[in-house]
Amino acid sequence: AARVVGVSLVSSAMYGIEARCSRAGCEKLAIGSQAIVMPLSASQAQSDDDLAQKPRLALVIGNSSYENLPALKNPGQDAALVATTLRNLGFEVVEESDLTRKGFEAAVRDAARKADDYEAVLFYYAGHGFQLDGRNYLVPVDAKLTNRKRIGEETLVLDDIIGKLHDDSRQTLFLLDA
């Protein structure tokens, strides 16, 4: 089978990952029952030697135990599975779970500081999220969401996280299961 060296993933639900990968690339990759795996363009694909030597960072967050919202069964397990898979692929993984807003902000801030030293950065989030007025929000475990005027104070805006982690000089991937 042809081997995919660089991939972008899109999935509507994260139930598990099946992968036969080495640090140099993947022969097979599936996320849950539905996944789209797209090879990067030839200009983005790297040789096996380059890929194995370039450092890659992943921030993996799974929020399950909400204080004021219904608890979620799978995010912690899904995040742990994703973290393990990414470590096996050669990523340096920062794995977090059940983050308050303060903890969430600190994790993103720390990853953004470290990101300049990496060829690629991947952000994975599993937990509550929603869209309101065209903006996407990720929900920390201490959010109350009882007052629409306080949404910005209690959640994190996805565009802000993208702005902190993205840089044109590296690949940046965002995987959301919210």
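The values are calculated or read from the model by the stated rules, or taken from the named source; none is laboratory data. Remember, it's a predicted structure, so these values are computed and weren't measured experimentally. The accessibility values were calculated without ligands, DNA or RNA, using every heavy atom of the protein model including side chains. Shrake-Rupley method; radii C 1.70, N 1.55, O 1.52, S 1.80 Å.
Remarks
- Estimated at 0.36 nm per residue, the fully extended path between Lys164 and Asp110 surpasses their Cα-Cα distance by 18.4 nm.
- Proximal lysines to Lys73, defined as alpha-carbon separation beneath 30 angstrom and excluding residues fewer than eight positions away on the same chain: Lys28, Lys102, Lys144, Lys149, Lys164
- Rolling a 1.4 Å probe over the protein heavy atoms leaves Glu95 with an accessible area of roughly 80 Å².
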